[in-house]
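Below: one structure, written as structure tokens.
No lab work stands behind these numbers, since they all come straight from the coordinates. Not measured: the values here are computed from a predicted model. Note: ideal-geometry Cβ built from the backbone for every residue, glycine included; neighbour counts use all protein chains shown.
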Amino acid sequence: MEVPLSVDLRERIVAAVEAGSSRRRAAERFAVSRSTAIKLMRRVDETGSVAPAKIGGYRKPKLVGHEPVLPAIVDAEPDITLAGIRTELESRVGVRESR
């Protein structure tokens with residue numbers, strides 16, 4: 001997984017560029033890729049912040065709104081397998097979920 005640069009390093013790169021260094025020269029000086037320095041300065045120009053952007057996203061759970069269905073399936077058949085629960089969920093509410 002990708003790890004963002006520390007805020008301290010980001011601030012030093014920005015300070016170097018604002019002091020007159022080119023983005024590429026700042027990248028060499030701080031041992032980061034050229035594209036990292038260029039994208040960082042673009043982010044600072046657009047947002048005014050050196051904070052990293054959010055990595056990844058959020059997905060709403062597939063069973064939101066269907067919470068009562070799962071206990072009903074298990075109550076109806078206590079010995080049901082995960083594969084059986086999956087099949088029942090698909091037939092009852094149309095949610096196809098992995099085990």
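Quick rundown of the values:
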item	result
The chain: angle of helix 7-18 to the longest principal axis, Cα-based, in degrees nearest 10	40 degrees
Cα gyration tensor shape of segment 59-99, rounded if a/c is under 1.5, else prolate or oblate by comparing a/b with b/c	prolate
The chain: relative contact order in percent, alpha carbon pairs under 8 Å with at least 6 residues between	18 percent
For segment 11-66, convex hull volume per residue from C-alpha positions, Å³	97 Å³
Estimated FRET transfer efficiency when R0 is 41 angstrom, pair ARG96-ALA31 (beta carbons, to 0.05)	0.30
Computed lengthening from ALA72 to ARG12, 0.36 nm per intervening residue step minus Cα-Cα distance	15.8 nm
Per-bin percent of Cα-Cα distances, the chain [10 Å]	13, 31, 10, 9, 17, 15, 4, 0
Normalised contact order of segment 59-99, rounded percent, pairs of Cα under 8 Å and 6 or more residues apart	38 percent
